[in-house]
1. Within the stretch 17-26, is even one residue assigned to a loop (DSSP other than H, G, I, E, B), modelled with pLDDT under 95, of a type in the set (A, V, I, L, M) and more than 20 Å from residue 175 (Cα to Cα)?
2. In the stretch 147-192, which residues are surrounded by fewer than 18 Cβ atoms within 10 Å (Cβ to Cβ) and without any contact (Cβ under 8 Å) to a residue 40 or more places away in the chain?
3. Could you list, in sequence order, all residues of the stretch 156-188 that are assigned to a helix (DSSP H, G or I) and touching a strand residue (DSSP E or B) at 6+ places or on another chain (Cβ under 7 Å)?
4. Quick check on this structure: which one of 99, 144, 86, 78 is surrounded by 18 or more Cβ atoms within 10 Å (Cβ to Cβ), over 18 Å from the mean Cα position of the chain (by Cα) and not β-branched (Val, Ile, Thr)?
Amino acid sequence: MIKLPYQIILGSQSPRRQALLSGLDIPFQVMVKDTDESYPDDLLPCDVAIYLSRKKSDAFKQELAEHPDWLIITADTLVSIQGVILNKPSNFEEAFHMLSMLSGSKHTVYTGVSIRTAEKHIVFSEETHVYFDTLRADEIQYYLEKYKPFDKAGSYGVQEWIGYIGIRRMEGCYYNVMGLPVNKLYHALKNF
């Protein structure tokens, strides 16, 4: 276990990120800032995750100036298939379309992470390749109706039923697909 001379703040309302960070046995508090999640159109998907995690971190500059003992962790996770970014779906139809795109295909999950204090700021990313089996329309419909994954990039949670029955294999960090590459984060904090 690491002990840091900071009060750790997780800048995320995601229950999955909160659970994953709790699993590192590092005490933290949650503080969320409303942040515009737009990004330049010319960025590659891997760069969008970094850009947005940095943007979320920038929202805490005033608080860090007032609290030099704080360390802020922010993250952004996105799903990309053939260069197309799949964000959180806005409705059932969009979620159905996204899962239909992922069905029988390989996609990539990117997470950008920012760690920031008043004095220092580091940013890193993780990518995981996910291979979905072909999903039937009734399987997609069942998942969407029962699990309602409308708060998740790409319209799915790897830790839910769709992950059990639909994901054939992965290359990379499982926890990255959940929203926080905890191994990489732990080592970044240890070296901070």
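The values are calculated or read from the model by the stated rules, or taken from the named source; none is laboratory data. Predicted model, so just to flag it, every value in this text is computed and none were measured. Here the Cβ positions follow ideal geometry from the backbone for every residue, glycine too, while neighbour counts run over all protein chains shown.
1. No; the residues of the stretch 17-26 include none that is assigned to a loop (DSSP other than H, G, I, E, B), modelled with pLDDT under 95, of a type in the set (A, V, I, L, M) and more than 20 Å from residue 175 (Cα to Cα).
2. Let us first name the residues in the stretch 147-192 that are surrounded by fewer than 18 Cβ atoms within 10 Å (Cβ to Cβ), namely 147-148, 150-151, 159-161, 164-165, 167-172, 174, 183-184, 186-188, 190-192.
Matches in the stretch 147-192: 147, 148, 160, 161, 164, 165, 167, 168, 169, 183, 187, 191.
3. Looking only at the stretch 156-188, we keep the residues that are assigned to a helix (DSSP H, G or I), and these are 161-166, 174-178, 182-188.
Across the stretch 156-188, the qualifying residues are 166, 176, 177, 184, 185, 188.
4. On the way: 99 fails: over 18 Å from the mean Cα position of the chain (by Cα); 86 fails: over 18 Å from the mean Cα position of the chain (by Cα); 78 fails: over 18 Å from the mean Cα position of the chain (by Cα).
So the residue among 99, 144, 86, 78 that is surrounded by 18 or more Cβ atoms within 10 Å (Cβ to Cβ), over 18 Å from the mean Cα position of the chain (by Cα) and not β-branched (Val, Ile, Thr) is 144.
Per-residue answers, yes or no, for (1) surrounded by fewer than 17 Cβ atoms within 10 Å (Cβ to Cβ); (2) in contact with a helix residue (DSSP H, G or I) (Cβ under 6 Å, 6 or more places away or on another chain); (3) not in a helix (DSSP H, G or I):
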| site | (1), (2), (3) |
| --- | --- |
| 35 | yes, yes, yes |
| 47 | yes, no, no |
| 52 | no, no, no |
| 62 | yes, no, no |
| 65 | yes, no, no |
| 73 | no, no, yes |
| 93 | yes, no, no |
| 122 | yes, no, yes |
| 131 | yes, no, yes |
